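These notes concern the structure reproduced below.
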Amino acid sequence: MTRRSRRALTATAVALVLLAVLAVVAVSAVQLALGETPLLSYQAVVDRLHGTTWSAREVVVAGGVVAALGLLLFLAAVVPGRARTAALDERTAVSLRGLRNALKLAACVDGVESAAVKVRRKRVRAVVRTRRSVADGLGDAVRTAVENRVGEFALARPPQVVVRVKELRSTP
């Protein structure tokens, strides 16, 4: 079970364009019903379209723009988004955010001031910061702690754990 990210930005853009077009049409329809001059005159649109040929430059450009937008929307719908979960087995999964937070806590072993963890499909990268002047063995301790925590989750495909230790400079 792999949940993918939603296409919120694409859906919002399409919805806003449709809303704008429908708002203009609705305002014009209400104005016509009330006997006022419409915002967008139906007759002006018909006259403009009637006077335009298929070979006109603006028709070709508009057709190209619409085709390109359609292709972009199609690709946004077909290409899978980033996974938001890590599979435990065929039917269950854990959120990447929850996994990241658990591994970040596991990386905070004795001597670690702060930890940052990035979880990807094949790799977990932990960057820990320490104030120790000698950080020998700290990377191995963090790697062991994070690998043990990954093992507790029993992921379907356990990622490789990479640890980087940064020494914080203390001001005199």
Positions within segment 140-158 being surrounded by 15 or more Cβ atoms within 10 Å (Cβ to Cβ), farther than 12 Å from Arg100 by Cα and modelled with pLDDT of 90 or more, in sequence order: Ala141, Val142, Arg143, Ala145, Glu147
Which numbered condition Arg57 fails, given (1) basic (Lys, Arg); (2) modelled with pLDDT under 90; (3) more than 30 Å from Val94 (Cβ to Cβ): (2)
Selection count where residues are under 14 Å from Glu167 (Cβ atoms), open to solvent by 60 Å² or more (accessible area, probe 1.4 Å) and either in contact with a Gly (Cβ under 9 Å, 6 or more places away or on another chain) or in a loop (DSSP other than H, G, I, E, B) (or both), scope segment 102-139: 6
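Determine, yes or no, whether Asp89 is of a type outside the set (Val, Ile, Thr), farther than 30 Å from Ala154 by Cα and either out of contact with any Phe, Trp or Tyr (no Cβ under 6 Å at 6 or more places or on another chain) or open to solvent by 80 Å² or more (accessible area, probe 1.4 Å) (or both).
Values: of a type outside the set (Val, Ile, Thr): yes; farther than 30 Å from Ala154 by Cα: no; either out of contact with any Phe, Trp or Tyr (no Cβ under 6 Å at 6 or more places or on another chain) or open to solvent by 80 Å² or more (accessible area, probe 1.4 Å) (or both): yes.
Criteria not met by Asp89.
Within segment 140-172, which residues are part of a loop (DSSP other than H, G, I, E, B) and over 29 Å from the mean Cα position of the chain (by Cα)?
Filtering segment 140-172 down to residues part of a loop (DSSP other than H, G, I, E, B) leaves 154-159, 168-172.
Listed by number, the residues that qualify are Leu168, Arg169, Ser170, Thr171, Pro172.
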Selection count where residues are part of a helix (DSSP H, G or I), among the small types (Gly, Ala, Ser) and open to solvent by less than 80 Å² (accessible area, probe 1.4 Å), scope segment 26-48: 4
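The values are calculated or read from the model by the stated rules, or taken from the named source; none is laboratory data. Computed from a prediction, not measured in an experiment: that's the story for all the values here. Neighbour counts are summed over all protein chains in view; Cβ atoms, including those assigned to glycine, are modelled from backbone coordinates with ideal geometry. Ligands, DNA and RNA are stripped out before the accessible areas are found, and what is left, the full protein with its side chains, is counted by its heavy atoms. Shrake-Rupley method; radii C 1.70, N 1.55, O 1.52, S 1.80 Å.
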